[in-house]
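Everything on this sheet refers to the single structure shown next.
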Amino acid sequence: MSSLSTAWRWAFLALSFLSLATGCFAPTSEPSPPLRIGVCTSFRPLVDEIAKAGLWRIEVTEGPSRFVLRGLEAGEFDLAIVALPVPGGTLVAKDSLAIVVHPSNRVDSLSMEELRRIYAGYVWDWSLLGWEGEEVVILSREDGSGARAFFEEEVMKGERLSPAAIIAPSSQSVLDYVASRPGAIGYVSASLLNAKVKALRLEGKGPSSPDYPLKLSAYGVAGSEAGRKLLEFLKGPAGRKLLMQRYCLP
């Protein structure tokens, strides 16, 4: 065999080995697993703001605050954002809890006492508050909702919720029902407001006022190292700048 043929054969073997070795040791490009966030319905827009930043691949599960906390305990979430004070939780943001009615409702403002009496069932017709012609239809949230727990603590003050109240499974269902029923009244996070409902003033203050009497808090609880890093980001300058476009900050 000629020396030239031998040289070509060794060159071919060397290239084959190099190709095989490169294939074996090339770094993988598989994406990291998504960051799993459980969030109560009142603060879903907060997670949407995080997603818009484009810094994380996010998987979102939405539900009542207690449902989210149970999922966190079961290891289903890297981060939980709820509207309930939680031991070890971090206050992330605040939002007004808006009282919403149909746009045709001529009542524009309520006192806290009037709101309490409505939800206790003592005010059954809007004519008692100056608007003729519509029966009051009360909407509240389900047990386990952080917004409901907050509402009962800050508004009801131990007064029992009217048994006639319709229990809504989510903030969106409150908005949809109020938008379709002129006599309805409900409560949702102000960040969820749309043009199909009207937000009432409370004690003369609108939801955007710093003196508005109902301020709902969002608490973050980390369930993994990835969740802790995101929580640290939200507490830092870049995270605060992201959230301040929509929320009050602690």
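Which condition number does LEU230 fail, the rest of (1) among the hydrophobic types (A, V, I, L, M, F, W, C); (2) surrounded by 20 or more Cβ atoms within 10 Å (Cβ to Cβ); (3) free of Cβ contacts under 8 Å to residues at least 60 places away in the same chain being met?
Exception for LEU230: condition (3).
Out of ALA199, ALA218, report the one residue that is touching a strand residue (DSSP E or B) at 6+ places or on another chain (Cβ under 6 Å), more than 17 Å from VAL137 (Cα to Cα) and buried (at least 16 other Cβ atoms within 10 Å of the Cβ).
ALA218
Please name all residue pairs, on different chains or six or more residues apart, with Cβ atoms under 6 Å, provided the first residue is in the range 197-217 and is over 23 Å from PRO250 (Cα atoms) and touching a residue at least 24 places away in the same chain (Cβ under 8 Å) and the second residue is β-branched (Val, Ile, Thr) and crowded, with 19+ Cβ neighbours inside 10 Å.
VAL197/VAL100; VAL197/VAL178; LYS198/VAL101; ALA199/VAL100; LEU200/ILE99
Here is a check on your reading of the model: is SER127 of a type in the set (Ser, Thr, Tyr), over 25 Å from SER65 (Cβ atoms) and not in a loop (DSSP other than H, G, I, E, B)? Don't jump to the end; show me each part of the working.
Numbers: of a type in the set (Ser, Thr, Tyr): yes; over 25 Å from SER65 (Cβ atoms): yes; not in a loop (DSSP other than H, G, I, E, B): yes.
Yes.
Can you tell me how many residues in the range 74-123 are in a loop (DSSP other than H, G, I, E, B), assigned by TED's automatic domain parsing to the domain that holds ALA184 and closer than 13 Å to LEU214 by Cβ?
Final tally of qualifying residues: 1.
With the requirement that a residue be within 20 Å of ARG44 (Cα to Cα) and hydrophobic (A, V, I, L, M, F, W, C), what does the range 180-208 give you?
VAL188, ALA190, LEU192, LEU193, ALA195, VAL197, ALA199
Considering every residue within the range 99-107, establish whether at least one is under 16 Å from the mean Cα position of the chain (by Cα), at pLDDT 95 or above and among the hydroxyl-bearing types (Ser, Thr, Tyr).
So in the range 99-107, the residues under 16 Å from the mean Cα position of the chain (by Cα) come out as none.
No, the range 99-107 contains no residue that is under 16 Å from the mean Cα position of the chain (by Cα), at pLDDT 95 or above and among the hydroxyl-bearing types (Ser, Thr, Tyr).
Would you mind telling me which numbered condition in (1) part of a helix (DSSP H, G or I); (2) among the acidic types (Asp, Glu); (3) closer than 19 Å to SER109 by Cα ASP176 fails?
(3)
The values are calculated or read from the model by the stated rules, or taken from the named source; none is laboratory data. What you see is a predicted model; the values in this text were computed from it and never measured. No Cβ is skipped: glycine too gets one built from the backbone with ideal geometry, and neighbour counts run over all protein chains shown.
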